[in-house]
1. Between 178, 191, 173, which is part of a helix (DSSP H, G or I), of a type in the set (Val, Ile, Thr) and at negative phi?
2. Of the residues that make up the range 72-90, is at least one within 17 Å of the chain's Cα centre (by Cα), touching a residue at least 24 places away in the same chain (Cβ under 8 Å) and on the phi > 0 side of the Ramachandran plot?
3. Determine the pairs where a residue that is modelled with pLDDT under 95, located within the range 104-118, has a partner that is crowded, with 23+ Cβ neighbours inside 10 Å and of a type in the set (Asp, Glu) with Cβ atoms under 6 Å apart, the partner being 6 or more residues away or on another chain.
4. Failed condition for residue 73, given (1) in a loop (DSSP other than H, G, I, E, B); (2) at pLDDT 95 or above, with all others met?
5. Out of everything in the range 86-116 that is among the polar types (S, T, N, Q) and in a loop (DSSP other than H, G, I, E, B), what residue ends up being surrounded by the fewest Cβ atoms within 10 Å (Cβ to Cβ)?
6. Pick from 253, 311, 287, 268: which is over 18 Å from the mean Cα position of the chain (by Cα) and touching a residue at least 24 places away in the same chain (Cβ under 8 Å)?
7. List pairs: first in the range 124-138 and of a type in the set (A, V, I, L, M, F, W, C), second part of a helix (DSSP H, G or I) and buried (at least 18 other Cβ atoms within 10 Å of the Cβ), Cβ under 6 Å, 6+ apart or cross-chain?
8. Taking into account only those residues within the range 198-224 that are modelled with pLDDT of 95 or more and more than 21 Å from the chain's Cα centre (by Cα), which is nearest to residue 146 (Cα to Cα)?
Amino acid sequence: MNNCNLVVWLITGKCDLKCRHCYASRFNDLNELSTEDAIKVIKGLIEINANHISFTGGEPTLRKDLPILISEAYDYGFELSVVTNALTLSSNLMRLFARKDVEVQVSIDGVTKDTFTKIRGPYFELLLEKIRKIKAFGANIRPIMTINKLNYNEIVEYVKLCFNIGAVGAALIPLIPIGRADVSILPTSNIIKNAIISVDQIAEELKFNVEVWCAPFLSAIIKTKRVTICPCMIKEALDIAPDGSVMICDSLNIKVCNILDGVKEAWNKYLEHELVKKLSFPKLLNNICKDCKYLEVCIGGCHARANAIYNDPTMPDPLCPLIKPINTTKYSL
């Protein structure tokens, strides 16, 4: 049985914002696991040798039992992160994050007040204040920006901001047009290519590390060692919805089973799922990518983004600059 390197756990679908690009808005109305069931899941993750738990949502800090879940997971030795908009973070939570070595992955998505407001709302100054307090308590911060048509031209300034606030690194993810996000703000492949080239240059200049998520095709673009193109985590990650549903990916909302059936049983069902096997084996994917020298690394790119555009997760990532434009008229947009 494969070990589980990452658990992406949407512990709540509730959120205090309505961000323009939110992929997780489709979870807003789902029921949540009880504290007791959530603790059982944490204990069960030991059975599959899970390494890292990412508590996300929705807005995970809206769960009052988040300190309990973090403490429980920390005591069992898991690496921990929390993906948050930071707006509701209390001093007690910040202190807990520092004490339990929780990496705080703060969503920024805009460096200017105008851009931030268009995407996330009128909270730019409050966010910066919260970041200063998180740092003062000694917690590690890794900001996240979702690259879209509204903010791509601020990407270099975003990396500079992350560097200047003393973040451990920066994360970037090209938009996936699901949930509240739609194709009207989906960047083009050329925008992504040029943006990442700029990031590569500024990261090298600043000697600052940047991670790019959900875009493994960008391995073909990066020239320095400062930018890490993270591979697709298919067959390595367990994605759990607020109600306990186990999904193939939190952005590819195909349910496999429920985590309450037992963590080990759920992980085995996930690994044995026909689509999981297909998406993790390059030779079973589309003919368009079959001769690409990056196929073994990329495995077709982001399957959720492909599914959102072509209604077929085995198609190439629509943002990959290495493929010729595909006629989308026969696909569901």
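1. On the way: 178 fails: part of a helix (DSSP H, G or I); 173 fails: part of a helix (DSSP H, G or I).
Checking each option against the conditions leaves just 191.
2. Here is the first cut: in the range 72-90, the residues within 17 Å of the chain's Cα centre (by Cα) are 79-86.
Among the residues that remain, those that are also touching a residue at least 24 places away in the same chain (Cβ under 8 Å) are: 79-86.
Now drop any that are not on the phi > 0 side of the Ramachandran plot, which leaves 86.
Yes, the conditions are met somewhere in the range 72-90.
3. Every condition considered, no pair remains.
4. (1)
5. 90
6. Details: 253 fails: over 18 Å from the mean Cα position of the chain (by Cα); 311 fails: touching a residue at least 24 places away in the same chain (Cβ under 8 Å); 287 fails: touching a residue at least 24 places away in the same chain (Cβ under 8 Å).
One residue alone meets the criteria, 268.
7. Every condition considered, the pairs that remain are 124/116; 134/94; 137/94.
8. 198
The values are calculated or read from the model by the stated rules, or taken from the named source; none is laboratory data. Owing to the predicted nature of the structure, the values given are computational and were not obtained by experimental measurement. All Cβ positions, glycine included, derive from the backbone under ideal geometry; neighbour counts span all protein chains shown.
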